[in-house]
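Reading through the structure tokens given below for one structure.
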Amino acid sequence: MYAKVIVGLNQPEMDKLFDYRIPEGMAVEIGVRVIVPFGSRNKKAEGYVISLSEKTEVPADKIKELLEVLDEGRPTFTPALLDLAEWMKERYFCTLNQCLQAIMPPGIRTKSSWTVSRKSLDAETKLTPKETALLALFGERREIPLEEVQAEFGGDCLTFLRKAEGKGLLALKQELHRSEYKNEKRLYSLDRDHPLLEAAWKKAEKEKRLEGQRLLLEYLANGREATAAELKEALGITDSPIKTLLKKGILRERRQTERRNVFDADTVERTQPFTPTAEQAAALSALHRELEQEEKKPVLLHGVTGSGKTEIYMQIIAEVLARGEQAIVLVPEIALTPLLAERFVSRFGDAVSVTHSRLSMGERVDQWKKARDGEISVVIGARSALFLPFPKVGAIIMDEAHENSYVSDITPKYDTKDVAAALAKRYGALFLMGTATPDFISYYKAKQGEFLLLELKERTGGGVLPRMLVTDMRKELAEGNRSAFGRALQAEIRRNLEKGEQTMLFLNRRGYATFVSCRSCGHVMKCPECDLTYTYHAKEHALACHYCGRRAPLPKVCPVCGSKYIRYFGTGTQKIEEEAGKLFPEARILRMDLDTTLTKHSHEKILAAFAAGEADILIGTQMIAKGHDYPNVTLVGIMAADLSLNADSFTAAETGFRLMLQAAGRAGRRDDRGRVFLQTYQPQHYAVQYAAKQDYEGFYEEEMLMRQMMGYPPFSAFFSILLTGAAQEEAAQAAQELAERLAQADEEEIATILGPTALPKFRGEYRYQIIVKAAEEEPLRQLVLPTAERMKKERNRNVRVGLALNPTNIV
Ligand code: ADP
Ligand code: ZN
Ligand code: ZN
């Protein structure tokens, strides 16, 4: 038997498997970690077994044998997850290494260390003073560690080194080491039968300098066990007495692996399932039917907030658990939904685990092991919860499925929705997406029959929709109101303050890019070619289309109405807060945005304070659209609907519309007091019009017509290819070359190639973008992938090539 092994996960760009013979009697499962001889000098290296086979192409005298199986032969990757990694590799145009890194258990990480090696120089090479100093640092040596350079030139010297590398002065080399988190506690106790104990006691009692030892002996005399941290804390001692007594053998050390519970299930009151409403019952029976199918379709559950989606999730999970299977519940940001997690715990007790970004490494490792060993069967968490090694997942549920945070921002830049669907298929599990405002690509797929569409139209407890009122900010301006608060909104806030009711003010920043518009007529500067909002580039004082790359000077007067009142848009929550403070001096105001929520638990604290009525007005970004239910909020102000309507993406209108609807969902859920103000310079914009009517369906129809007309997804597919490098010329050249090669490879002329476009520098690197668009995805992949792949290999490290298919944020 032979094993295909991926050696050393630490080289993300490497994409090769190596064959090894499995020695007689060695038990090897797929997914286990192994030690193999590697390279011409047969250095020992670590790897993972990806597959097993009875044949190999490697000649018998060349094939090497596996040396050892690690982790007591327990696989690191389950077959389902390995298979998923292979799928991700194809789908996201990256290496298997990168995919395995993404699904790697917590606590196993590769750390990197850099070395800088000197190259011999041409006498002609001109050096800057800094470079001269750098070469002096080498002295006689050929190689120095990066830390040494950092100590001399400051922490952030990689850019400088990259430049020097480009000039041929030196070479940078990155090496990676694997480090594993050991989740164990060391407990110390006294060996009470130790022959030296008596003597040690007597000595410690006599000598003042051995006070620490005396305290320690006394403390542990009754057979107690404690960790070093506990001992130091309780006795005020240092490590030294512990070490001394340990060396003598008087202290014993015991290592204990421990698994903690993230949630204390005992403190949560248990609840029983509700009798489903008629709508819920219909949805549930459709879901039961789907669960019974061999081949399951993904399900889109479209239901307004409060329509009982979470109750449906829980009833489905109960069914899955009864079959002895597990369930994964994905949420966009657990910090904003503490109550949601609690609801699951209240139903399923300590079968539930919650993962979130603030867990310690130890807690994460625990969870991973608990999932593997069947100690938990429901997990609620962010997208990484997908990669827990459950034996047999029966359902994957994705709440708030429209959220942008489901898209990973590091390579592989996967969309959780696609990965979850692919994984569900591998487990034979049900994949259920729930949302009040489905993204239109999913909604389109559902309407086309690719997904099963289930709808909940009513709130379980009844309730009415709030009144939506549009404020034309152009008119406010024309009539002399320069404030960010329209006059009607001001009056309503005053009324709320008098009546003791609460107000929420939204300022959407998602997908926000600086755009330019006319404050007199509301006209927004757009690319005439793509109909996407131009982005304002401050440095060049010019407009740029982030799709096709077209540039335009900033107009002096509005091309539509001739007004000189052209401004680039930008207002922050802080400014709104200041102004609110002046307009309503008696109001208690809270603000929640990235600045006020940097510290732990600050989200929850602000939201809880507001829910408890400790403030009259809450000002925030879309962060405040989720989480608690606020019965006393009767007024919502959307301060500048334009901000998200004019993002530089083909999904701008959709995103803006969805945010307006979500914000509106915050006002008056129970009675008819709810009012929502939509403040905008574009009251005629179709997204504003449909939002005012709360007409999801109508907006969807119109938006789809627009997309079809403009040829945007789902009616087309496009790749955004990003080339990034420290050396400008090289990056630019590579981009140009790639665009040309793509054009050449496109013999049948199926594609439109836009760019390369220079994007603003990011983290000190130059970036160029190419957009390749075609009517259908598959031929487009066939065209782009091999060509980009080749470029990637040729340019290697100097220019990185990143690919994204139909990204909603183009840049
Ligand atoms: P969503 O997830 O769609 O926002 P929830 O499942 O949270 O909706 O339901 C909204 C409220 O209605 C919750 O307080 C929930 O406990 C309650 N609820 C859900 N289903 C029922 C039901 N069948 N009968 C009575 N109350 C229900
Ligand atoms: Zn104008
Ligand atoms: Zn354009």
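The values are calculated or read from the model by the stated rules, or taken from the named source; none is laboratory data. None of these values were measured; they are calculated from a predicted model. Reconstructed Cβ throughout: ideal geometry from the backbone, glycine too, with neighbour counts over all protein chains shown. Surface accessibility is based on the protein's heavy atoms, side chains included, excluding ligands, DNA and RNA. Shrake-Rupley method; radii C 1.70, N 1.55, O 1.52, S 1.80 Å.
Overview of values
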| read-out | value |
| --- | --- |
| Loop-located GluC sites (Glu not before Pro) in the range 420-494, at most 16 other Cβ atoms within 10 Å (DSSP) | GLU450, GLU458, GLU479 |
| The range 207-305: chymotrypsin sites (Phe, Trp or Tyr not before Pro) falling in loop per DSSP and having at most 15 other Cβ within 10 Å | PHE274 |
| Radius 12 Å from Cβ of ALA774, net charge of other residues (Lys, Arg +1; Asp, Glu -1) | -4 |
| Sequence-separation-based contact order of the chain, relative, with Cα cut under 8 Å and 6+ spacing, percent | 10 |
| Solvent-accessible area per residue for the chain (1.4 angstrom probe, square angstrom) | 48 |
| Portion, in percent, of the accessible area of the chain that falls on carbon or sulfur, probe 1.4 Å | 49 |
| Selection from ALA283, MET592, GLN684, by position along the positive dipole direction of the chain (Cβ) | MET592 |
| Within straight-line cross-link reach of LYS44, aspartates and glutamates at Cα separation under 12 Å, skipping those fewer than 8 residues along the same chain | GLU65, GLU68 |
| Size of charge dipole - the range 357-430 - debye, nearest 20, with Cβ of Lys, Arg +1 and Asp, Glu -1, no other charges | 300 |
| Area of ILE566 that stays accessible when all protein chains are in place (1.4 Å probe, Å², to 10) | 20 |
| Residue (of GLY486, LEU465, GLY449) at the positive-pole extreme of the range 439-504, dipole from beta-carbon charges | GLY486 |
| Those GluC sites (Glu not before Pro) in the range 1-84 that DSSP places in a loop and that have at most 15 other beta carbons within 10 Å | GLU13, GLU24, GLU29, GLU54, GLU57 |
| Tensor-based shape of the range 428-502 (alpha-carbon gyration tensor, a/c under 1.5 rounded, otherwise prolate or oblate) | prolate |
| Pairwise Cα inverse-distance average, inverted: Kirkwood Rh of the chain (Å) | 30.7 |
| Nearby lysines by direct alpha-carbon distance to LYS392 (threshold 28 angstrom, same-chain neighbours under 8 apart not counted) | LYS4, LYS89, LYS182, LYS296, LYS297, LYS309, LYS369, LYS370, LYS413, LYS417, LYS425, LYS445 |
| DSSP bridge pairs, the chain: antiparallel proportion in percent, nearest 5 | 60 |
| Under 10 Å, Cβ to Cβ, from PHE93 - net charge with Lys/Arg +1 and Asp/Glu -1 | +3 |
| Cα gyration tensor shape for the range 299-358, rounded if a/c is under 1.5, else prolate or oblate | oblate |
| Within-11-Å neighbourhood charge of GLN728 [Cβ basis; K, R +1; D, E -1] | 0 |
| Only Lys, Arg (+1) and Asp, Glu (-1) charged, at Cβ; the chain dipole about Cα centre in debye | 1980 |
| Listed residue (GLY349, VAL329, VAL365) projecting farthest to the positive dipole end of the range 217-369, Cβ model | VAL365 |
